[in-house]
Structures are given as structure tokens and as C-alpha cells.
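Quick notes on the structure that follows.
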Amino acid sequence: MNKTISAGLIGLLLPLSAYADDSTKLNDVVVTASRTPQKISDALGDISVITEQDIQRAGQTSLVELLSMQPGIEMAQNGGMGKSSDVYIRGANATHTVVLVDGMRINSASNGTTALQGIPLSQIERVEILRGPASGLYGADAIGGVIQIFTKSAKGTPRVNASLGFGTYGTTIADAGISGRIQDTSFSLQAGSVSTNGVSAFNSPILTSSIPRRANTSYNPDKDGYDNKNYSARLAQHFGNNHEIGINAFLSESENHTDSGSNKNFDYYGTQSLSTYQVYSKNQFTDNWLSTLRAGQSRDNLKTYSARSTSNASSTYTVFETVQTQYLWQNDITTRAGLFTLGTERREQDLDSTTKFSVKERNIQSYLAGWQAKFGNNSMQANLRNDDNSQFGNKTTGAVSYGYQLTPEWRANASYGTAFAGPTFNQLYTPPSTTFRSNPNLKPEESNNKEVGLYYDNGLHKLGAVYYYNKVDDLIVNTNVRIGNINPLVPSNVNQAILKGLTLSYQGSVVGLQLRASVDLQRPEDEATGNLLPRRAKEHGNLAFSKNWGPWAVGTEIEASGSRYNDAANLIPIAGYALVNLYTNYKINNDWSLNARINNLLDKNYELITDYGTYGTNLLVTLRYAPAI
């Protein structure tokens, strides 16, 4: 069945350029592929863009749901909405993706990942996804790629926006804001909330499976809800067209209920606060020199409560708070030989926790250089970066890319890049226990990636085919080590991984249908054993199409994945799945619209992680007020 789905999607990608519709435009401007603005058609990286219009039209409920429909991305989540999630880009580990919010890192230093489930869609104006190693641009952890999230900006005449949505599982989503520009001052204020009763974080112990397994002792047949409050603010002062100073801020506060442990009298839950703030100055000092200065701080504060008793028993909790102070000075210099980028970054990480880590802080001082140029049909980009980490010293990474315009529509690309990922505080400095021992001698994981791509873009249709081969050395894995009379897990640099695959994609219009499709055929494996890396499939794909009839827009999405394994030994299988979603959007007038979305239309019973629950058929209806600019 999975092969049939993949073959059908591949077949869809090949013949579409013969049909044209003037409604599709593919000239988005991106910054993530080179750290400077460029048309997506000129970017030499494998990049995707999700706009605010895309988000509103399809009506997804969460960022996790939105990302799952993108090429090269697989998601895993520990239950329903708001539960902790992992993103795998091109089969790389969850700790191998850099996530930026308005240019700021917001990841946890203890486990190395970003709480994507805590970033609400109502605050997002745009998402850019760069697939492939990018440490030469962004430093540590960019082995799989980069996801950059831009919050709502300020432009045009001041206007108010608001939306209110209700759905199944007791879901309510609301937001409101005001943004615009008055003379030389631009501003944006946004606030929102998300609430859902959810489903049980763990599946029912009665599961349909070809390999029976014992019920998880943490299963509790209650509903594990989620509540979130979120805010963002921007204020900028413009001095002519060449100078701008401003401040940005973002805050998300969540309470998340889950199943944990065997005591069914406790309602286990956690709270998490994600925040960033920054001040910046952009100065076009000369026609050839743009300088950007930024200073800011991000926080990830997670508290998990081991007991909220239905009686009067006291509760205990653990805290993991990461504070990252970040500085940037970037200079973009335009010359006849191309655009040069020179910059320096500094990141100071502090970890405060009820767990007594032996080391609680580290600093990373970085220097970066880049060059991009076009000569006739030739496009070139080179990046070099040095990161001096107070834990493990210097790492230098880089990338070179070349593109050749075969015809006005066809372009071929080739690139080579290196990347690395630093060990987390959990892996390095966790206090010893009977089940886990940290390893302060861990080295960074390192990768080198080769890829080639062929692209077609006639302004109305865009097709892509990218083959990549990414070898990761010194992969950190947990292995059992005999210490006295105990056998704890100890992280070690013992493995190598091969991440190889082919991504096919299409975006455009066919006989009035707006289409997006992608297929990923990959093999993310442990080189020593040949086993697939956990929770990653050999094939997965997406298909979305929509049609406009006057004020109505109707669309369908299909997400399909092959089988996976939940463990490194490939002993616990996770079945493949195919989900069908429907949505419709009715434009009441120029300012008001009504959106309805049905997820998992066929009510499929599926898992992303063994034993964790997922939603059955669910509906969300949203009324939105959003005046045009």
C-alpha cells in the first residue's frame, strides 16, 4: 500500500508543467538560505516557504500539524495537541535541527530540542525551512536543517485582526491584535489562546497489532488537556529608508496534562514558558554596506509536576530552565564580485534546574563569512564559520554551492557542506543514577553532505528533485555499560549514520486546481547495523490540492507514511498510515472569512510514537476578521 501511494505521488509530479494557471506566483523572498534576502528561485539551498495566507487558508490547528505537510519532514508527538514533539529533517535526529524565532534560538540546553508545540500558529506570519547541513551559516546542531519562524510584522495602515475557532475535543482557539505604521513608526501587538480537552496521552492498552505487546503501565483513560496563552510585540522607528531601530518580543505560556507513572490518583502535568526579546539596529551606511546589530535573550522554562492529587497529597516538581543571551553583528557588503557577508555571534547558555548538573553554563563565540554571486548562467555561494565552544573548543564548518541555469526554466544545483551538533547538558552532566550515567568526554557529532538538485520554475509551476547523501560521524547513542552491580545507559560516540534519499516536489496550478505534492524516498540508517533510525520511515509523502469558486475555496490534504520502528534495534514496529484532511474557506467580504477543517477524515487509528495517542476525526471552525493591507 505504501509503495502504491508513493508511486502515485511520484507520477503526479512529472507531467504538470504542460498546464498553466496565472493565479500561482513563486517569487517569494527568503533569507534563511544565505542569511540575506533573495528570491526563492535564486536560492541554492533546498528551501520551502509557508506564508500567513497558506496558514489561514488551510486552517491547521498547530505548528506540528503544519510542518508535517512539508517536504523532507517527519514529525513525532507524545500524544495530542500541545504534547512534546520532535522534528526529523531528511532523517536526521531531533537534536539536529536549528529552530529560530525572529532570528533567535529558543531551544533547551538540557535535551537539545525546541518545543515546537508551544509556538502557536496565530503568532506566525511566515516559516522558512532549509533542508540540509547549515552549520556554515548557523553553527552547531544544523545537521538536518534549519526552521526559521517569523512572528507577525507591522506594515501598512494600522488595522485590527481577530479570529475565534471552536472544535471537537473541546478545542477553542482565539487571537486578536493590531498592527501597522504611522509615519516613521511601525508596531504590532498580538495576543492569543489555545485550549483543548485532548485525548489520553497514552493509547488504550488494547491495540490492533501484528506483534502483541504489553499494556503501558502509565496508561490512564482520562483526557489530557492543553492550555496556552501567547503574546508578541514589535516596535520600530524608521529614519528615512536607510536606518531602523526596534524591539521584538514573544511569549508563550502553556499547561500540559499527560499520563506518567502508575499512580492513577494523580493528574500529571507540566508548565512551559517560551520567550524571546531583542533590540536591533539596521543601518544602510552606504549604498554597498548594510550593518545589522542585535542583542537579545530567549528562555525555555519547563516545570513537570509528578503529582496533582485528587486528595490533599503534596506534589513534587522538576525544573529545567535554559536562558540564552545572544548577540549578532552582521555586515552585508555588495561589490562587483558579489555579495559578501561578514559577521560575529555570541551565545551564552545558562541552565537552572532542580537536577544538580555538574556544569550549568557554556559560551559559544562565532565568526562567519559568506559570499554569493551570479555570473551569466552561473550562481555560486560559499560559507565558512568558526564556533568556539567553552565545552569542547573550536569547530570550523562550511559549504559550497553551485547552480547552472540550463534554460530560462531549468536549473541544476550541486553542493557540499559540513555540520556538527554539540552534546546536550543531559548527555554531558546529568548526575549519576542507577539507570543513566552522563559522559563529560563526549565529542560533537559531525557530518558531511553531498547533494545534487534539478529544478523547474516557469513562474507558474515549480518542480524539484534533490538527491542527498549525508554521513554523520561520532553519532551519540546510549548503550548499556556494566558498572559494579548495575547496568546503566551511558551516551557514547560509537556509531555512524548514513542519511540518504531523494525528495521530489511540485507546487503550482493545473486546470484551476492549486497543487502541492512531495515524496521522500530515504534511508536514514545506522551504518554499523543497517537498522533504520527510530521513528523514521523509508517513504513518506504529501499531496494537497484546492479549488476556488467565487468566495469559496475547498481543499484536500493527504499525508502518507511508510512503516517505522520505535527503537534503534528495530524490534518494535510502528505501522504506516495515510491521513485525509478536508478544509473549506468562505470569504464573507473583504474583511471577514469563515474556515472549517476536518482532520483524519477516515478516522484512522495510527501512532507516531509507540503507545502514545493521536486524534481521531476532528473538526475546527474558525471565524476570522483580517482587513487587507
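The values are calculated or read from the model by the stated rules, or taken from the named source; none is laboratory data. Note that the coordinates shown come from a computational prediction; the quantities given were computed from them, not determined experimentally. All Cβ positions, even for glycine, are placed from backbone atoms using ideal geometry, and neighbour counts span all protein chains on display.
Residues that are surrounded by fewer than 16 Cβ atoms within 10 Å (Cβ to Cβ) and in contact with an Asp or Glu (Cβ under 7 Å, 6 or more places away or on another chain) within region 361-385 comprise GLU361, ASN363, listed in sequence order. Within region 581-594, the set of residues being within 30 Å of ILE609 (Cβ to Cβ) and buried (at least 17 other Cβ atoms within 10 Å of the Cβ) comprises ASN581, TYR583.
One residue alone among ALA517, ALA544 is under 16 Å from GLN70 (Cβ atoms), touching a residue at least 40 places away in the same chain (Cβ under 8 Å) and surrounded by fewer than 21 Cβ atoms within 10 Å (Cβ to Cβ), and that residue is ALA544. In region 236-265, the residues that are surrounded by fewer than 18 Cβ atoms within 10 Å (Cβ to Cβ) reach residues that are acidic (Asp, Glu) with C-beta atoms within less than 6 angstrom, at least six apart or across chains, in these pairs: HIS238/ASP184; HIS238/GLU244; GLU255/ASP227. GLU361 falls short of the stated requirement of being within 24 Å of the chain's Cα centre (by Cα) and among the acidic types (Asp, Glu).
Conditions tested, residue by residue: (1) over 30 Å from VAL319 (Cα atoms); (2) assigned to a strand (DSSP E or B); (3) more than 22 Å from the chain's Cα centre (by Cα).
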{"site": "ALA419", "(1), (2), (3)": "yes, yes, no"}
{"site": "GLN427", "(1), (2), (3)": "no, no, yes"}
{"site": "PRO431", "(1), (2), (3)": "no, no, yes"}
{"site": "ASN448", "(1), (2), (3)": "yes, yes, no"}
{"site": "TYR456", "(1), (2), (3)": "yes, yes, yes"}
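Exactly one residue out of THR322, THR334, THR407 is β-branched (Val, Ile, Thr) and either touching a helix residue (DSSP H, G or I) at 6+ places or on another chain (Cβ under 9 Å) or surrounded by 21 or more Cβ atoms within 10 Å (Cβ to Cβ) (or both), and it is THR322. For region 496-508, filtered to residues that are polar (S, T, N, Q) and buried (at least 19 other Cβ atoms within 10 Å of the Cβ), the residue that is farthest from GLU446 (Cα to Cα) is GLN507. Residue selection: PRO534 fails the criterion of being assigned to a strand (DSSP E or B), in contact (Cβ under 8 Å) with a residue 12 or more places away in the chain, under 27 Å from VAL472 (Cα atoms) and not hydroxyl-bearing (Ser, Thr, Tyr). Where strands (runs of 3 or more DSSP E) fall wholly inside region 31-105, the ranges with 2 or more residues that are over 12 Å from the mean Cα position of the chain (by Cα) are 46-51.
Does ASP175 count as over 16 Å from the mean Cα position of the chain (by Cα) and farther than 22 Å from GLN56 by Cβ? Show your work before the answer.
On the way: over 16 Å from the mean Cα position of the chain (by Cα): yes; farther than 22 Å from GLN56 by Cβ: no.
No; evaluated as a whole, the condition is false for this residue.
Could you list, in sequence order, the residues of region 465-498 that are over 16 Å from PHE420 (Cα atoms) and either under 24 Å from the mean Cα position of the chain (by Cα) or assigned to a loop (DSSP other than H, G, I, E, B) (or both)?
First, the residues of region 465-498 that are over 16 Å from PHE420 (Cα atoms): 465-468, 478-491.
Once the filter is applied, which keeps residues that are over 16 Å from PHE420 (Cα atoms) and either under 24 Å from the mean Cα position of the chain (by Cα) or assigned to a loop (DSSP other than H, G, I, E, B) (or both), region 465-498 yields ALA465, VAL466, TYR467, TYR468, VAL481, ARG482, GLY484, ASN485, ASN487, PRO488.
Of the set (1) surrounded by 14 or more Cβ atoms within 10 Å (Cβ to Cβ); (2) of a type outside the set (D, E, K, R); (3) modelled with pLDDT under 95; (4) over 28 Å from ILE498 (Cα atoms), all apply to PRO432 but (1).
Working only within region 23-74, note down all residues that are touching a Pro at 6+ places or on another chain (Cβ under 8 Å), hydrophobic (A, V, I, L, M, F, W, C), touching a residue at least 40 places away in the same chain (Cβ under 8 Å) and farther than 23 Å from LYS450 by Cα. The one that is touching a Pro at 6+ places or on another chain (Cβ under 8 Å), hydrophobic (A, V, I, L, M, F, W, C), touching a residue at least 40 places away in the same chain (Cβ under 8 Å) and farther than 23 Å from LYS450 by Cα: LEU63. Just so you know, in region 109-137 the residues that are in a loop (DSSP other than H, G, I, E, B) and under 14 Å from the mean Cα position of the chain (by Cα) include one that is farthest from GLN330 (Cα to Cα), and it is PRO120.
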